[in-house]
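The structure appears right after this line, and notes come after that.
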Amino acid sequence: MRVLGIESSCDETAIALVEKQGDHFTIVKAAIASQIITHAFYGGVVPEVAAREHAELVFPLLEQLCLPRDGQSVDVIAVTYGPGLIPALRVGVEFGKVLAWIWQKPLVRVNHLEGHIYSVWPKGTPVFPALCLLVSGGHTELILMKDHGVYEHIGMTRDDAAGEAFDKVAKLLGLCYPGGPEIVRAADAGDPNAIAFPRPMLETDDFDFSFSGLKTAVRREVEQGKWKKEDVAASFQAAVIETLVKKTIRAVFQYHPQSVILSGGVSANRLLRQSLKDRLSIEQPRISFFAPDFSLTGDNAVMIAIAGAYLAERRVFVDPLFLQADPNARLI
Ligand code: KG4
Ligand code: ZN
């Protein structure tokens, strides 16, 4: 089965053709256009600007894939319908609907979070149940995936997402957007034990996260004026990672998964990957750990096509006449 994935929920326009053979996936062709430079100018993503760029980019990206114009190399079209920025989502959704209509191909709608989970599939097939820590600019979620399409929501952020915290702290330190890679660069030269930032909600007996208090603690430190950028970055990063890892490990003990999946933009953080992997191999060595290839940590269309392939296999098709983007789409 060959699935054409389309992603436009935030500031990446992406189209990919993926082939599924059993549980094995081949990325046949993939094209992506990032708007980071545009949005860095504003210090964050401006939804209307993102939508305009998506609209300008979708056809040139499809052309980059060099597919036959009659769609004969595609069996199914998969498009992200939410969650995300509504003007941005609409561009991809309408594009997917039009392609499905003119090519007369079945259409599936993919939840963006589900897409991030499937971003690890090219690395191997996780055994269910899989505990997923999904950390991105818009989300921090712990999700138990019991089977394809069967999810239990275990925990989420009560305020800022992990990536959002990286972005906001970077701004406080005068670093560029997106903040994650900038914080990492500064932290590499800093001391993670220099400042004892709080580890938010570590002691609560739920699986929720909260990062706004940590951001306030960083702001207070910065306002006091006696800080070294590298130390603040390293200490902040250590606090976020310790919180994410400890809560995930606690969820492992409660839910007994066979696999742990780390995904989303923040999964590009090497220290987070290593810490979670190490902790898991000490506490539960029989559980396998999956993180996406670095090319698939951020938003992309490969993950949407893979998620779409499993939806298509279950024949969860949607009518192109009625599909709507949903900025608050839920996984469960
Ligand atoms: O998944 P993604 O590309 O977009 C959303 O769906 O939100 O995630 C983007 C987020 C940004 O907040 C960015 O700062 C963060 O991922 N990020 C990182 C790293 N690389 C990107 N955060 C921490 N460490 C990184 N290396
Ligand atoms: Zn994302």
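Values in this text are rule-based calculations from the coordinates and carry no lab data. Please read all numbers here as calculations on a predicted model, not as lab measurements. Here the Cβ is made from the backbone with ideal geometry for all residues, glycine too, and neighbour counts use every protein chain on show.
Worth a mention:
- Which of Phe236, Phe95, Phe59 has the fewest Cβ neighbours within 10 Å, and the rest in rising order: Phe59, Phe95, Phe236
- By other beta-carbon atoms within 10 Å, ranking Val245, Val98, Val252 with the fewest at the front produces Val98, Val252, Val245.
- Ellipticity estimate at 222 nm from DSSP helix runs (n ≥ 4, -39,500 (n - 2.57)) divided over the chain, nearest 500: -13000 deg cm²/dmol
- Applying a threshold of 27 Å to the alpha-carbon distances of Lys29/Lys97; Lys97/Lys123; Lys20/Lys97; Lys20/Lys146 flags Lys97/Lys123 as lying beyond it.
- Net charge dipole, the chain: roughly 320 debye, given to the nearest 20, about the Cα centre with Cβ charges of +1 for Lys and Arg and -1 for Asp and Glu.
- Residue among Glu19, Glu223, Glu56 with the largest mean-square fluctuation in a Gaussian network model of the chain, springs linking Cα atoms under 10 Å: Glu223
- Taking label points 7 Å from Cα along the Cα-to-Cβ direction, Arg315 and Gln104 give a separation of 2.0 nm.
- Mean-position separation - Cα centroids, the range 249-270 and the range 72-136, in angstrom: 21 Å
- Kirkwood hydrodynamic radius over Cα pairs of the range 239-332, then Stokes diffusion coefficient at 20 °C and 1.002 mPa s, in µm²/s: 137 µm²/s
- Helix 302-313 axis, angle to the chain major axis (alpha carbon atoms, nearest 10°): 50 degrees
- In this simple spin-label approximation, Lys226 and Thr26 carry label points 7 Å from Cα along the Cα→Cβ vector, and these lie 6.3 nm apart.
- Projected label points at Phe41 and Asp191, each 7 Å from Cα along the beta carbon direction, are separated by 4.2 nanometres.
- Order of Ile27, Ile183, Ile304 - criterion: other Cβ atoms within 10 Å of each residue's Cβ, fewest first: Ile27, Ile183, Ile304
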